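Some notes on the structure that comes next.
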Amino acid sequence: MAFTTLRGASSGLLAVLKKGPRLRRRRNAAPAAKPAQTPAAANTIASLAPLTEIIRHYIEPKDIERVKEAYRFADQAHLGQFRASGEPYISHPIAVTEICAGWKLDAESLMAALLHDVMEDQGVAKQELAERFGADVAEIVDGLSKLHRLEFASKAEQQAESFRKMLLAMARDVRVILIKLADRLHNMRTLGAVSPEKRRRIARETLEIYTPIAHRLGLNALFRELQDLCFQAIYPNRYRVLHKALMAARGNRREVLSKINDAVAAALPAAGIEAEITGREKSLYSIYKKMCEQKKSFSDVLDIYGFRIIVHTLPECYLALGTLHQLYRPVPGKFKDYIAIPKINGYQSLHTTLIGPYGTPVEFQFRTHDMDHVAEEGVASHWLYKDSNVSLNDLQKRTHQWLQSLLDIQSQTGDSGEFLEHVKVDLFPDAVYVFTPRGKIISLPRGATPVDFAYAIHTDIGNQAVAAKINGEFGPLRTELKSGDTVDIITSSASRPSAQWLNYVRTGRARSEIRHYLRTVKYEESVAFGRRLLQQAFNQLNLPYPDDDDPEWEKLAKGSGAQSRDEILADIGLGKRLAAVVARRFAPENALVATTAAVFDEISSTTATPILIHGNEGQAVQLAPCCGPLPGDDIIGGIRLGHGLVVHMAECSVAQRQRAREPERWITVAWDTKTARHLTTRLDVTVLNERGVLGRLAAEVTDADSNILHLTMQDDPGSTTVLHLTLQVDSRKHLAQVIRSIRHVPQVKKIVRVKG
């Protein structure tokens, strides 16, 4: 019985190389001292012969010469550099290249694999690589190189920026990530010589980032091997115990599996099906994960072993399935058709679990030879070429769309950590499959909502979503979608993304688009409001507002760490800078009476012309929810760091406490003659507990041309109830009309406006 291993595994030279980590040597550093060698390592001679034997079957002779030239260059560059175990460092690039050759990558990929560390470790310039080996090879190597020579605030920031650079290079050329995965695979195979702490750190990084990427690209054989290697490095004792238990179980079930194999081998030919039958064994990590998730012991995990049935044609997959369903009883709910609806990484197979002899459940997978090839090697089975004339299969199209989404996310995200966070969201292997109204299948991460679906269709649909129909019925935008749902998004040109959506979206694209919109709109509103505040400060100083090209702007930006004039204005609008202090920078020295910034700010804040408030300025100016100020109320404004201007009622207790702590952040504001409609305020209404009172109250509010946005209630001792209403009104005068209408309800005993 055969059990699958990773195709293209290193052979020849690698079989005799001892394993160990890479040693880093920076440019101009002295060669690393050669460590004491074991006899095996001492007798090892770095050779290209095994690699040449692999590639001569599919690479042209002239390209083989180019690969050999890259080897000679890399060998010279790494001369005097050794791994911790003692073998020459060049053995690592050769091992990585052999793995890539097993995937049958092209000559440029093999050259880049041989050269992948020369820029990072040895300081070889990108230009030099481009001149000797071509621009494509240089670009791939550059995408693989980390950013050791740049200064970062933290290790986490450096790691995030390295991942961002690598993933963006991968989006332009998928060969970057294939080589990177081969590099990480060899490093994981050779972790033996590093400290346990470093071993666990590298393994966790691999499990968190590289393993999901391998799964996302359909490299399932690599995915399983990386998982087991990470499991062994992070939990060596658990791995050892579980491995021992698996070996014992394999011996105990040999008779059962042999009996099933014989029965299947007889049943399929009898049905006219020629098939290849192979045994398959769950990886140790998947067994461990199942034990943890389902809180089972090893003896309770029964479906450890299974069979893979590989046939010639797609119809034979279903025919073989039916044949075995007649042979053994299927387990209800355990049939999955990944041929009709492939997994998000292109995987196709039929899965079913059958009850074999002695009541043992056994999983069977049915697929064609082509499906098996794609299932094991994914996008590496035929990676994406830049040639637009090459027709793309479904896997390539999905991969291309995902890689393009990385570029889309990057364009909306400036911070490396945020970019990595978005990408991690999209690396979850589980997915749900939902349908558009026209029947197109959209794959989304498990837990996705209609908002994720809307952004998966188009950014504008996501930005303007107001409601969703799920299977023909209206549902909230936060509804968790299930496989098979048909989703129709209702849009409105007046709708805008809400910050609340970030609490329940699951895809990186949706999250980055929402944040980008909120950030952009808030920035533009903050610039406009900051200009108004600064204009007020200049009026107070009796100075003309400076032109946009005034050189003082540039001097001010350089001196304060800002990038532009608009950034200074945005900082003022967001409360990060005080307008009076900025204005004073433009004033002649003899024009200022105040001697200190504190005195100046106090004078300007008490005598400044009030800022006029409309009520619909957006995120730069917010009406405080604690008191709900309305046109007609006396108001004051506080600059809240990072949030802009927050407008309170003058009598609001919250505002009074904050003003006492930071008086310099409060400015004079007043209502404009034209103000926004449908502002919110709150009322507490005490009513008698009688039937129909709520309906009558709501009718009176509607008759007064108002709307109840939110309602909660609180029982009082006795026969009354307090209703907490959030209403939409246009002004203080309108609110008075609403209150008069509510008093028409006989059961209303008391009405109080909430003021902080």
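Could you tell me the calculated FRET efficiency between Asp547 and Arg496, based on Cβ-Cβ distance and R0 = 41 angstrom, to the nearest 0.05?
Values: r = 33 Å, r/R0 = 0.81.
According to the calculation, E is roughly 0.80.
Given a Förster distance of 35 Å, report the FRET efficiency between Leu688 and Arg732 from their Cβ-Cβ distance, rounded to the nearest 0.05.
Working: r = 28 Å, r/R0 = 0.79.
Computed FRET efficiency for Leu688 and Arg732 comes out at 0.80.
Quick query: amide H of Val669 versus all other amide H atoms, modeled in the peptide plane; which residues come in under 5 Å with a sequence gap of 5 or more or a different chain?
Distant-sequence amide H within range of Val669: Ile611, Gly637.
Dimensions of region 679-753 along principal axes (Cα, Å, largest first)?
For region 679-753, the Cα spread along each principal axis is 35, 18, 17 Å.
For a Förster distance of 35 Å, can you work out the FRET efficiency between the beta-carbons of Val754 and Lys469, rounded to the nearest 0.05?
Details: r = 37 Å, r/R0 = 1.05.
Computed FRET efficiency for Val754 and Lys469 comes out at 0.45.
Step through the residues of region 122-139 one at a time and calculate ³J(HN,Hα) from phi using the Karplus curve (6.51 cos²θ - 1.76 cosθ + 1.60, θ = phi - 60°), rounding each to whole Hz and writing x for Gly and Pro.
10, x, 5, 6, 4, 4, 5, 5, 5, 5, 8, 10, x, 5, 4, 4, 4, 5
Relative to the present Cα-Cα distance, how much length would full extension add between Asn707 and Gln326 at 0.36 nm per residue of separation?
130.7 nm is the gain from fully extending Asn707 to Gln326.
If I model a spin label at Ala557 and Lys482 as a point 7 Å from the Cα along the Cα→Cβ vector, what separation in nanometres do I get?
Once both label points are built, they end up 5.5 nm from each other.
Obtain the nm distance between the two label points defined at Glu208 and Ser286 by a simple spin-label model: each point lies 7 Å from its Cα along the Cα-to-C-beta direction.
Rounded to a tenth, the inter-label distance reads 2.5 nm.
The numbers here are math on the coordinates, done by the rules we state, and not lab data. This is a predicted model, so every value here is computed, not measured. All Cβ positions, glycine included, derive from the backbone under ideal geometry; neighbour counts span all protein chains shown.
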